[in-house]
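Asks: Structure in structure tokens, see below.
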Amino acid sequence: MMERNLDLDAVDAFVRIADLGSFTRAAETLGTTQAAMSLRLKRLEQRLGCRLVERTPRYVELSAQGAAFLGPARALLEAHERALAALAVTRQRMTIGISDHVAGPELPSLIARMNAQDPQLIIEIRIGSSGDLLQSFDRRELDTVIVRLHAGRSDGEHLADEQFGWFAAPKWRHRAGEPLPLATMAEPCGVRALAGRLLDEAGVPWTETFVGGGVTAVAAAVMAGLGVAALAPRMLPFGAAEVGQRLGLPELPRLPILLHSRLREGRQRQALLALSAAFRSVMRN
């Protein structure tokens, strides 16, 4: 009795060979080799129990069985594409904004947790400042944002608190009598504003020596010896030194991380719960 299940890749190879009249040209359309196409066709012929293509040194011609099978083969491939298209229509998209001060080296594992929760969910993530992301959230451009506590807002679900510190390169030394060189993110950055305010209140003169478009750039400037930055330890390369106590800098507080979301049910909400749980787990470690 003939095996009823057909290999769709082999069926596709047969249709391309029939349409193009050449194993070589058919292989080029799939980015494979003539030998691979021959193997697929042979596998299909063995499954069907008949020869589909007559091969000669000069041309490729369908056998009687091949000509009879070509129409149903096209219909099978078209039905397969319609099935995939129907699934694609039902796939949901989830747009998440994550503050650059929050999205650390754990981001790949967090995304993996969400994907494991729902592999069919399309995940779109944007990185930016907390202020910009909250504005996008309010304009309904993002479904969810994970940000630092932002001045003037008391809404949002508390996820965790994170300690910040003053960090510099291991061999960096502050030159006496000069303002504290500060590496910061560009405005509007809440951590930048907090650091500047605390230094001013403590009477510590400071000046910006580097302004980065993201935490990665700021951390690189710190390790290059350009100055001091207010950052969370997990954001820095191994070896960065905490210099706040040595320099007599004001203590930085633990800063809350908040989740703002309008997702309340369905698959997206379940994926969000998986993300929140994973994030809390990361912050506890």
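Asks: Within a 10 angstrom radius of the beta carbon, how do 15, 191, 102 rank from fewest other beta carbons to most?
Replies: Ranked by crowding around the Cβ, least crowded first: 15, 191, 102.
Asks: For q values of 0.08, 0.10, 0.14 Å⁻¹, compute log₁₀ I(q)/I(0) with the Debye formula on a Cα-only model of the chain, without solvent.
Replies: Cα-only, vacuum Debye calculation for the chain: -0.57, -0.69, -0.95.
Asks: Calculate, axis by axis, the spread of Cα positions in region 157-285 along the three principal axes, and write the results as whole Å, longest axis first.
Replies: Dimensions of region 157-285 along the principal axes of its Cα atoms: 59, 29, 25 Å.
Asks: Given Cα pairs under 8 Å that are at least 6 residues apart, what percent is the relative contact order of region 8-89?
Replies: Here the relative contact order equals 29 percent.
Asks: Okay, next question. If N is the number of residues in region 154-198, what value comes out of its Cα radius of gyration divided by 2.2 N^0.38 Å?
Replies: 1.55
Asks: Mind checking which of 22, 136, 154 has the largest fluctuation in a GNM of the chain, springs on alpha carbons under 10 Å?
Replies: Of 22, 136, 154, the most mobile in the Gaussian network model is 22.
Asks: Still on this model: Under a no-solvent Debye model with one identical scatterer per Cα of region 8-89, what's log10 I(q)/I(0) at q = 0.11, 0.17, 0.19, 0.26 Å⁻¹?
Replies: Log-scaled intensity ratios, in q order: -0.29, -0.66, -0.80, -1.32.
Asks: Could I ask something else about it? For the chain, what does the helix formula give at 222 nm: sum of -39500 (n - 2.57) over DSSP H segments with n ≥ 4, over the residue count, nearest 500 deg cm²/dmol?
Replies: Roughly -14000 deg cm²/dmol at 222 nm, from the helical runs in the chain.
Asks: Between region 175-252 and region 109-156, what's the alpha-carbon centroid distance in Å?
Replies: Their Cα centres are 26 Å away from one another.
Asks: While we're on this one: Simple spin-label model, 7 Å along Cα-to-Cβ: residue 79 to residue 28 in nm?
Replies: Label at residue 79, label at residue 28, 3.3 nm between them.
Asks: Test of understanding: what is the full-extension gain from residue 55 to residue 123, defined as 0.36 nm times their sequence separation minus their Cα-Cα distance?
Replies: Length gained, residue 55 through residue 123: 19.7 nm.
Asks: Would you mind telling me which residue in 239, 214, 31 has the biggest mean-square fluctuation in a Gaussian network model of the chain, where springs connect alpha carbons within a distance under 10 angstrom?
Replies: Of the options given, 31 has the highest mean-square fluctuation.
Asks: Given the options 254, 82, 173, which has the most mean-square fluctuation in a GNM of the chain, springs set between C-alpha atoms less than 10 angstrom apart?
Replies: Between 254, 82, 173, it is 82 that shows the largest mean-square fluctuation.
Throughout, read-outs are computed from the coordinates displayed, never taken from laboratory work. As the structure is a prediction and not an experimental result, all values here were calculated from the model. Please note: Cβ atoms are built from the backbone with ideal geometry, for glycine as well, and neighbour counts cover all protein chains shown.
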